[in-house]
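Reviewing the structure listed below.
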Amino acid sequence: MSEVGEVLPEYKFIITQYQPSYVNPYGKKLLARCYWPVTFKRACIEQWHLLSEKFGLPSIVGFYAVGATETEKQELLDSLTNMLEENIAVMKTGTEIEFKENPKYEIGQMI
């Protein structure tokens, strides 16, 4: 053994650097240029999901009787929520439901 050290075999350590400099010996970040495009893409996808939920499904309006109790109103609300989530509804006889679509856009029309 010498004081300088021993010679290591080739490819023992792989050091990755992209354009290192004296000021920054680690180099530039590889994905630094991808940050803003990815951020904008994620925001656009999130907005697209919100718009498709808002305009893709019709609004459901349920009507209850004048003398309905709070529990009956809550049951109607739960049934309508279940209808949106699972496309299944069980209602009492005489319960009225309306599906209201956005009048601005029709099915097949380009936005």
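What the table shows:
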item: For Leu51: the one exception among (1) more than 30 Å from Thr93 (Cβ to Cβ); (2) surrounded by fewer than 10 Cβ atoms within 10 Å (Cβ to Cβ); result: (2)
item: Test: residue in the stretch 22-44 that is assigned to a loop (DSSP other than H, G, I, E, B), of a type outside the set (Gly, Ala, Ser), at pLDDT 85 or above and within 30 Å of Thr93 (Cβ to Cβ); result: no
item: Within the stretch 58-90, tally of residues that are open to solvent by 100 Å² or more (accessible area, probe 1.4 Å) and in contact (Cβ under 8 Å) with a residue 24 or more places away in the chain; result: 1
item: Meets criteria (among the aromatic types (Phe, Trp, Tyr), more than 17 Å from the chain's Cα centre (by Cα), surrounded by 10 or more Cβ atoms within 10 Å (Cβ to Cβ) and at pLDDT 85 or above) for Tyr105; result: no
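The values are calculated or read from the model by the stated rules, or taken from the named source; none is laboratory data. Small disclaimer: the values here were computed from a predicted structure and weren't measured. Every residue, glycine as well, gets a Cβ built from its backbone with ideal geometry; the counts of neighbours run over all protein chains shown. Ligands, DNA and RNA are excluded from the accessible area calculation, which covers all protein heavy atoms including side chains. Shrake-Rupley method; radii C 1.70, N 1.55, O 1.52, S 1.80 Å.
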